[in-house]
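Single-structure report; data block below.
The values are calculated or read from the model by the stated rules, or taken from the named source; none is laboratory data. From a predicted model like this one, the values you see are computed outputs, not experimental measurements. Don't worry about glycine lacking a Cβ; one is built from the backbone with ideal geometry, like all the others, and counts go over all protein chains shown. Just so you know, the surface numbers come from the protein's heavy atoms only, side chains and all, with ligands and any DNA or RNA stripped out. Shrake-Rupley method; radii C 1.70, N 1.55, O 1.52, S 1.80 Å.
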Amino acid sequence: MSGLVPWARGQVSYSQAPSYATLARQQDNLPALPTPPSSFRDWWRELHGSSVAIEPPSQVQSAVIGLRQNAEGAAIGALLALIDTDLGGLDLGGRIPLDWAGAALFYALSVQGSGKPDSLSLDYRAMGQSCTSVAMYRTVHKWRESKKGIPRNMPQLTGDPILTAGKSTF
């Protein structure tokens with residue numbers, strides 16, 4: 001605190017206002033402030049005391065990771081499609097949505113396995129995301145389809161519109 005407040009070092013008295021020369025000398029004696037981190041990632045590393053730089057994956061590594069995650073997503077999609085067609089729907093007993101249940105299960109498994117070097121946490125997270133995608137598709141689709149059944153601001157048609165139009169021309 002003494003580097004930031006001049007009177008804490010005893011160089012400025014309370015009876016007189018400091019001159020610019022005094023303030024300039026005091027400013028030269030201040031310790032250098034650390035430079036702020038350049039990115040959120042650097043800030044997070046400094047916050048947690050991690051000085052090890054994390055190298056981004058190479059193009060080949062990125063391609064392999066992407067291929068693996070897409071394969072996991074395809075496997076989950078195929079599994080849910082088989083359950084949907086063979087068991088008559090994705091809702092177990094008509095009430096429990098298996099896609100939401102799978103998303104919750106894989107999320108819990110990813111959290112439980114995190115921090116362990118040989119865990120499948122990243123795989124579970126990817127599979128949970130696939131389940132969430134299917135669940136959100138079904139939820140939004142059902143919601144939008146239910147909105148289509150409700151007519152809004154449309155004139156009520158009575159009878160056949162083609163016959164009505166034909167009768168009006170003669």
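Report the net charge of residues surrounding GLY128, where surrounding means a beta-carbon distance below 11 angstrom and charges are Lys +1, Arg +1, Asp -1, Glu -1.
-2
Mind grabbing the accessible area of ARG41 for me, 1.4 Å probe, Å², rounded to tens?
140
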